[in-house]
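The values are calculated or read from the model by the stated rules, or taken from the named source; none is laboratory data. Predicted model only: the values in this text are computed from it and were never measured. Methodologically, a virtual Cβ is constructed for each residue, glycine included, from the backbone with ideal geometry; neighbour enumeration extends over all protein chains shown. All accessible areas refer to the heavy atoms of the entire protein, side chains included, with ligands and DNA or RNA removed. Shrake-Rupley method; radii C 1.70, N 1.55, O 1.52, S 1.80 Å.
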Amino acid sequence: MSRPRRNSDQAGRGETGDTVVMSPVAIALWVIETALDREVGLAEIAAQSGISRFHLSRVFGATTGVSPLRYARGRRLTEAARHLAAGARDILGVALDAGYGSHEAFTRAFRDQFGLTPEAVRARASLAGLPAMEKITMDQNLNVPVAVPRIEEAPLLLIAGIGERYRFETNTGIPAQWQRLVPLLGHIPSQIGMTTYGVCCNADGAGSFEYIAGVEVAGFNRLPADLARIRLPARRYAVFTHSGHVAGLRASVYSIWNNALPASGLEVADAPDFERYDARFDPRTGQGEIDICIPLK
């Protein structure tokens, strides 16, 4: 099977001669689906997708609702379960075909995924009622028009505020974070202005990241211990602007990462990205303009 194309250095051409650019999530899905016979790591998926592990995990979770590794593991085990439900007699053979080195390792992972042993699924001869991970296709309904970004050289930013950790596939607690930040605005020591920032940062190897809803400060010395903080070095950003209600922000983020960025040929740096809410955004109505700032190499 041929490898999919990505970004400007791997752009293919369609039948009409137009450049065909695949999104990093589409490539990640392809990589996972072609590696159902082995364990595929996040570093390998990200390398082929053309963005960092952090950014891939974030956009993959936002796009599909599940992390790349959870999807890969679920797909391997679901296909193994499908073979068992169809009557496969050799469980070890199914385990080896799914990339597991032993019956024991396969059974442990299988039970974690489905709550049943491989023998039980074979005996029931059906996947009905099981939390199967079926093949995901890209949701084209999330595609929205995105304007060409402007390039900004941003100075050093020190951000302080409310921080919480999330898994890449869910961020349902973020609105509550902003509600907790509102009473602090104007009262955070060394605060600079009233522009607020939503920073995605500090990813770990377990599939989670930190989101900080905060403001710019002149320094961290006087901050209360319970406030999260992050130092964003001076760097270049591609700045996309979301216009309309904040409820549509997810669609803009989806379209930026899956369409606009791959088509732009810009190289994304392995560094935090952030949303910027200034005087153009009205937090009372949720309407206005929000800058989405993507770090560049």
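If you go through the range 189-205 one residue at a time, do you hit one that is under 22 Å from the mean Cα position of the chain (by Cα), of a type outside the set (A, V, I, L, M) and farther than 22 Å from ASP291 by Cα?
The answer is yes; a qualifying residue exists.
Run down ILE51, ILE32 and say which single residue is β-branched (Val, Ile, Thr) and open to solvent by less than 10 Å² (accessible area, probe 1.4 Å). First the steps, then the outcome.
Working: ILE51 fails: open to solvent by less than 10 Å² (accessible area, probe 1.4 Å).
The conditions single out ILE32.
What number of residues in the range 128-147 are open to solvent by 30 Å² or more (accessible area, probe 1.4 Å) and assigned to a helix (DSSP H, G or I)?
2
Exactly one condition in (1) at pLDDT 90 or above; (2) part of a loop (DSSP other than H, G, I, E, B) is not met by VAL66; state its number.
Looking at each condition in turn, VAL66 falls short on (1).
Just to check your reading of the model, which residue among GLY244, GLY265, GLY248, GLY286 is closer than 21 Å to LEU184 by Cα and modelled with pLDDT under 95?
None of the others qualify; the one that does is GLY286.
Any residue in the range 66-93 that is closer than 29 Å to THR170 by Cβ sitting within a Cβ distance under 6 Å of a residue that is open to solvent by less than 20 Å² (accessible area, probe 1.4 Å) and part of a loop (DSSP other than H, G, I, E, B)? List the pairs, counting only those 6 or more apart or interchain.
SER67/PHE168; SER67/GLY207; ALA72/VAL40; ARG76/ALA98; ALA80/ALA98
Working only within the range 148-175, note down all residues that are of a type in the set (A, V, I, L, M, F, W, C) and either surrounded by 19 or more Cβ atoms within 10 Å (Cβ to Cβ) or closer than 15 Å to GLU210 by Cβ (or both).
If the condition is that a residue be of a type in the set (A, V, I, L, M, F, W, C) and either surrounded by 19 or more Cβ atoms within 10 Å (Cβ to Cβ) or closer than 15 Å to GLU210 by Cβ (or both), then LEU157, ILE159, ALA160, ILE162, PHE168, ILE174 are the ones that fit.
Looking only at the range 176-203, count every residue that is within 20 Å of VAL268 (Cβ to Cβ) and open to solvent by 70 Å² or more (accessible area, probe 1.4 Å) and tell me the total.
Qualifying residue count, the range 176-203: 1.
Condition first: at pLDDT below 85, out of contact with any strand residue (DSSP E or B) (no Cβ under 8 Å at 6 or more places or on another chain) and among the charged types (D, E, K, R). Now tell me which residues in the range 132-168 satisfy that.
Residue satisfying the conditions is ASP139 alone.
Being modelled with pLDDT of 85 or more, open to solvent by less than 30 Å² (accessible area, probe 1.4 Å) and under 20 Å from the mean Cα position of the chain (by Cα) narrows it down to one of SER57, SER23, so name that one.
Answer to the selection: SER57.
So that you can scan it fast, the table gives a plain yes or no per residue for (1) of a type outside the set (D, E, K, R); (2) in contact with a Pro (Cβ under 8 Å, 6 or more places away or on another chain); (3) surrounded by 15 or more Cβ atoms within 10 Å (Cβ to Cβ):
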{"site": "ARG222", "(1), (2), (3)": "no, yes, no"}
{"site": "ASP226", "(1), (2), (3)": "no, no, no"}
{"site": "ARG231", "(1), (2), (3)": "no, no, no"}
{"site": "GLY248", "(1), (2), (3)": "yes, no, yes"}
{"site": "SER252", "(1), (2), (3)": "yes, no, yes"}
{"site": "SER264", "(1), (2), (3)": "yes, yes, yes"}
{"site": "ARG276", "(1), (2), (3)": "no, no, yes"}
{"site": "ASP282", "(1), (2), (3)": "no, no, no"}
